[in-house]
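The values are calculated or read from the model by the stated rules, or taken from the named source; none is laboratory data. Quick caveat, the model's predicted, so the values are computed rather than measured. FYI the Cβ positions are ideal-geometry reconstructions off the backbone, even for glycines, and counts take in every protein chain you see. Just so you know, the surface numbers come from the protein's heavy atoms only, side chains and all, with ligands and any DNA or RNA stripped out. Shrake-Rupley method; radii C 1.70, N 1.55, O 1.52, S 1.80 Å.
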Amino acid sequence: MNEYAYETTEFGLSNEGIHLLRSRFNYETIPYSDVQSITIERGKELNNWIPILLFGSVLVTASILYILRALHVVGNHEVNIIYIEQIIIPVIPLLLGCYCLYSSTRNGAILRVKTVANKKDKFPLKEIEKTKSLEEFQEYLKDRLSTRITISL
């Protein structure tokens, strides 16, 4: 394994370039010479956040409608026995829907990379923010990319 100056679960930076990682193993390297522009900004940490937001909204809505219908049935004394499944069924989708809503609306620092081949990648910088080394990370990239980096945090 290579030693990286900065490393997250998705990428690592070295003197050669940006290394895309899976399980800490390099599967692709983008040399600094192939980078057209890099932007460090605040944005959605999750890729494809809109479908996940919609999925979470559907789950929460369906769970709430199910709960309201169950309360209506119980309130009108239409049933005498309430089974545990009738209580559990709306809880699991409600929890999953709430998690999807939370994940899709989470914002944080992200790194956008655009290459000369017009390939665009987006990486969250959450791990670098946790170690409180975001400023050093920005300086490291400025030293290697000078005018091709934009920082808008």
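Roughly what would the spin-label model give for A70 and N48, points 7 Å off Cα along C-beta, in nm?
Placing both labels 7 Å beyond Cα along the Cβ direction yields 3.0 nm.
Determine the gain in length on full extension of the stretch Y32-L145; use 0.36 nm per residue of separation and subtract their C-alpha separation, reporting nm with one decimal.
The Y32-L145 span can extend by a further 40.0 nm.
With charges only on Cβ, +1 for K and R and -1 for D and E, what is the dipole size of the range 10-113 about its Cα centre, in debye, rounded to 20?
Magnitude of the dipole: close to 160 debye.
Under a cut-off of 19 Å between alpha-carbon atoms, report the aspartates and glutamates in cross-link reach of K126, not counting same-chain residues fewer than 8 places apart.
Reachable aspartates and glutamates: E7, E10, E41, E45, E135, E136, E139.
Label 7 Å along Cα→Cβ of K130; the range 5-20 residues with amide nitrogen under 12 Å?
Under 12 Å, as judged by backbone N against the label point of K130, lie 8-10 of the range 5-20.
With both partners inside the chain, how many of the DSSP beta bridges are antiparallel, as a percent to the nearest 5?
Close to 85 percent.
If I compute Rg/Rh (Cα atoms, Kirkwood Rh) from the structure I just sent, which labelled value in (i) 0.95; (ii) 1.23; (iii) 1.38 lines up?
So the structure-derived entry is (ii).
What is the spin-label model distance, in nm, from A62 to A117 if the labels are put 7 Å beyond Cα along the C-beta direction?
4.0 nm
Counting only heavy atoms of protein chains, what accessible area per residue, in Å², does the chain have with a probe of 1.4 Å?
64 Å²
Could you sort H19, H72, H77 by accessible area so the largest value comes first, with the probe set to 1.4 Å?
The ordering from most to least exposed comes out as H77, H72, H19.
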